[in-house]
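Beneath this line is the structure, given in structure tokens, with notes to follow.
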Amino acid sequence: MAESEPGGEVARSKLRASHDDRDRVVELLRVSAGDGRLTAEELDERLEQAMTARTYGELARLVADLPAAGSVASPVTAPRAKDVVRIDTRSGHVKRVDRWMVPGRMEVKVTSGHVKLDFTQAVITQPTLKLDIDVRSGHVKLLTMPGIVVDADDVAIRSGGVRVKTPWGSDVPVRLRIEVTGRVGSGHFVARPRNRTFWQWLTRQPKPYAIAAR
């Protein structure tokens, strides 16, 4: 049984190593021997130990005196989404497209510019996004897809407009719920699926949300 730290978690050096972890250490040992950092005898000895190592600690000891030792026997840490992202645009354009990390909260202030948040390829790591908007005379546009629910019932509207379009119905499993609050002055807030390109329309291809909902 692996020893535990005071908080009840297993010490990192005691965590079990995988085949990939052992392979990375073996590769570093071979490269180091080719660079003249290890003798043939040292290489043979360490290779044998690496192939039978069971924990990160055992692997780390084999490469502790070699360059890049810290990155070889360490598990990969996944990127973490920010807690809060703030966007403030006065007359410009701001976009979040492709593989961007969706935070837990966004504060978007638009004076006379445009903000587009495209969720169709975004990295979603949590079930809820709290979106606070302050739109004076610009536009905030959300591009959504099946599984993304936008709730804009708590947005105060003066002379602008709020429109949320979800043509795929309510039977699609929810991946992300976007809770929108704030106000819209003379601008607009729109949440809708991505439109087809002209070529897709001309060739009568199905709408993007129809493909994703299958």
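The values are calculated or read from the model by the stated rules, or taken from the named source; none is laboratory data. Computed from a predicted structure; not experimentally measured. When we count neighbours, we look across all protein chains shown, and the Cβ atoms used for this are built from the backbone with ideal geometry, even at glycine. Surface areas here come from the heavy atoms of the whole protein model, side chains and all, with no ligands, DNA or RNA. Shrake-Rupley method; radii C 1.70, N 1.55, O 1.52, S 1.80 Å.
Quick one: would you say V25 is modelled with pLDDT of 85 or more, of a type in the set (V, I, T) and over 28 Å from Q126 (Cβ atoms)?
Considered against the rule, which asks whether it is modelled with pLDDT of 85 or more, of a type in the set (V, I, T) and over 28 Å from Q126 (Cβ atoms), V25 comes out as yes.
Which residue, of D88, D98, is outside any strand (DSSP E or B), free of Cβ contacts under 8 Å to residues at least 60 places away in the same chain, open to solvent by 30 Å² or more (accessible area, probe 1.4 Å) and of a type in the set (D, E)?
On inspection, the qualifying residue turns out to be D98.
Just need a number here: residues in the stretch 48-77 that are surrounded by fewer than 18 Cβ atoms within 10 Å (Cβ to Cβ), at pLDDT 85 or above and in a helix (DSSP H, G or I).
6
Exactly one of these conditions fails for W168: (1) within 26 Å of the chain's Cα centre (by Cα); (2) at pLDDT 95 or above; (3) open to solvent by less than 80 Å² (accessible area, probe 1.4 Å). Give me its number.
(2)
Assess whether A81 counts as being surrounded by 12 or more Cβ atoms within 10 Å (Cβ to Cβ), under 30 Å from I178 (Cα atoms) and modelled with pLDDT under 85.
Yes; evaluated as a whole, the condition is true for this residue.
List the number of the failed condition for D153; all other conditions in (1) open to solvent by 60 Å² or more (accessible area, probe 1.4 Å); (2) in contact (Cβ under 8 Å) with a residue 24 or more places away in the chain; (3) assigned to a strand (DSSP E or B) hold.
That leaves (2) as the condition not met.
With respect to V110, is the statement that it is closer than 18 Å to V150 by Cα and out of contact with any His (no Cβ under 6 Å at 6 or more places or on another chain) true?
No.
How many of the residues making up the stretch 171-185 are assigned to a strand (DSSP E or B) and open to solvent by less than 70 Å² (accessible area, probe 1.4 Å)?
7
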